[in-house]
Amino acid sequence: MKPKLVVFTGAGISAESGIKTFRDSDGLWEEYNIIDVATPQAWEKDKALVLDFYNKRRKQVIEAKPNKAHQALVALQKKYDVHIITQNIDDLHERAGSKKVLHLHGEIMKSRSSTDPSLIYKIKGSELKIGDRCERGSQLRPHIVWFGEMVPEMEKAYTIAEKAEIFMVVGTSMVVYPAAGLINYVQRNIPKYLIDPSDVTVGGITNLTVIKEKAGIGLPKLVEELLAL
Ligand code: OAD
């Protein structure tokens, strides 16, 4: 059996693919107000604005390509049972070739019914429009977890994290909960690594190695070391 290696990723891992992070100085939340585009209230108030915001995000994702960090995680699968738990809504982990990817905050390439959350569809093309409906006739919304909504995949993520034999955190500011609390479910004694070019605060975590580098540089190096063990 391959050792279980769990990777928790955030917007930083896709930054070198040209997708903006949220909280860096040129991040998305500098340009947009979260309340206007990423909440159930925004959807109630102005569906066209919310759809337009995510249509723009989707176009960027379609144009982007996986980078060296996504690819390094694919290489790890040779020796490890790699589980990626991502806060990202892009599909760059999958397009790089990672097999086990859990999306905590939804997926930009999918839509879902605004009345029945079990009805989820792949979006054809890049746009979701007013008037696009589910099979029961309700308006489709982006398959995204908005601020103020539950994170349905959290329980699954806790179960995966608890069984990790190696745990990595890559490119996340660790400020959005419950996702950021995942690290507290990881066993104390296992090796943990954090890769981020900025100082990220994670209190009280034992056996943690901090690699203060961009993911495209730090992750391939770490992966090489782990493959050589
Ligand atoms: P943030 O924008 O909060 O944080 C991005 C992190 O990536 C920061 O710590 C940066 O230092 C780091 N970073 C920047 N460039 C990097 C690079 N080249 N390599 C590695 N790291 C780099 O993004 P998240 O933590 O992912 O939620 O944000 C969490 C959630 O907040 C998102 O999933 C999204 C957002 O609002 C929803 O939309 C529900």
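Remark: the stretch 17-149 carries 50 Å² of accessible area per residue (probe radius 1.4 Å; ligands, DNA and RNA excluded).
Database remark: amide H of residue 210 closer than 5 angstrom to the amide H of 194 (H placed geometrically; neighbours at sequence offset of 5 or more, or on other chains; Pro and chain starts carry no H). Working note: 222 nm ellipticity from helices only, DSSP H runs with n ≥ 4, each -39,500 (n - 2.57), summed and divided by the residues of the chain, gives -8500 deg cm²/dmol to the nearest 500.
Determine the percent antiparallel among the DSSP beta bridges restricted to the stretch 4-228, to the nearest 5.
30 percent
Here residue 129 and residue 60 are evaluated by their C-beta separation; at R0 = 22 Å the FRET efficiency comes out at 0.75. Each of residue 207 and residue 155 was given a label point 7 Å from its Cα along the Cα-to-Cβ line. The distance between the two points is 2.8 nm. Taking each of 78/214; 2/221; 4/47; 122/156; 20/192; 45/212 in turn, the alpha-carbon distance tops 30 angstrom for 4/47; 45/212.
State the percentage of accessible surface on the stretch 132-229 attributable to carbon and sulfur atoms; use a 1.4 Å probe and exclude ligands, DNA and RNA.
51 percent
Taken over the chain, the convex hull of the Cα atoms encloses 122 Å³ per residue. Note on residue 30 and residue 189: the extension gain reaches 53.4 nm, defined as 0.36 nm multiplied by sequence separation minus the Cα-Cα distance.
The values are calculated or read from the model by the stated rules, or taken from the named source; none is laboratory data. Nothing here was measured: the structure is a model prediction, and the numbers come from that model. As a convention, Cβ positions derive from the backbone with ideal geometry for all residues, glycine included, and neighbour counts pool all protein chains shown. Heavy atoms of the whole protein, side chains included, go into the accessibility calculation; ligands, DNA and RNA do not. Shrake-Rupley method; radii C 1.70, N 1.55, O 1.52, S 1.80 Å.
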